[in-house]
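Read-outs throughout are calculated quantities, based only on the coordinates presented, and are distinct from any laboratory measurement. Being a predicted model, the structure only gives us computed values, none of them experimental. Cβ placement follows ideal geometry from the backbone for every residue including glycine, while neighbour counts extend to all protein chains displayed.
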């Protein structure tokens with residue numbers, strides 16, 4: 001049982017941190033209902049701004065009666081950015097693993113912001129591509145929204161977790177072999 005102690009404590013820390021974070025985030029979102037919360041607005045504004053910067057003729061409007069922001073492209077509805085689209089819960093999932101796994105605090109000071117930035121950039125790319133897919137390739141929207149981009153983002157988070165584990169790997173003492181003469 002002793003050999004499982006670190007794993008059990010990791011799972012308990014992970015579960016507790018994730019549960020607390022999810023509850024707090026749920027309370028935060030509920031406070032703004034029926035309009036979009038500030039994180040969702042921020043995400044939608046950035047998606048809109050990046051698309052404008054890239055030359056897309058986009059418009060955005062708050063969704064009537066829903067806590068989301070609609071983005072239109074080519075005068076057609078493209079996507080609605082809801083709280084689940086803002087990437088915050090993905091960043092929390094990433095953060096909770098890093099904190100639960102523990103490790104060098106100095107490394108955390110650069111690794112956590114880097115992870116957040118990677119997740120944010122991937123999420124923005126996802127939203128922009130989903131807007132394009134929704135308008136120009138609508139029949140593929142479900143696959144790309146539900147499976148393709150979800151797999152990519154969770155895969156990247158998993159790779160970030162592996163990277164963190166390797167950065168904090170403790171070196172086991174090298175055992176010198178006695179030479180047989």
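Full-extension gain between residue 169 and residue 139, please, as 0.36 nm times their residue separation minus the C-alpha to C-alpha distance.
Computed gain between residue 169 and residue 139 is 6.3 nm.
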Where does each of 27, 114 land when they are ranked from fewest to most other beta-carbon atoms within 10 angstrom? 27, 114
Read-out semi-axes √(5λ) of the Cα gyration tensor in Å, candidates (i) 33, 18, 15; (ii) 40, 20, 14; (iii) 26, 19, 15; calculated match is (ii)
Tell me the angle of helix 149-167 to the major Cα principal axis of the chain, expressed in degrees between 0 and 90 and rounded to the nearest ten. 30
Between helix 105-136 and the chain: long-axis angle, C-alpha atoms, 0 to 90°, nearest 10: 30
Among 43, 150, 170, 63, which comes first, second and so on when ranked by fewest other beta-carbon atoms within 10 Å? 170, 150, 63, 43
Taking neighbour counts of Cβ atoms within 10 Å as a proxy for exposure, in what order, fewest first, do 133, 69 appear? 133, 69
One finds, for residue 53 and residue 107 with R0 = 22 angstrom and r their Cβ-Cβ distance, a FRET efficiency to the nearest 0.05 of 0.05
On a 0 to 90 degree scale, rounded to 10, what angle separates helix 5-32 from the longest Cα axis of the chain? 20
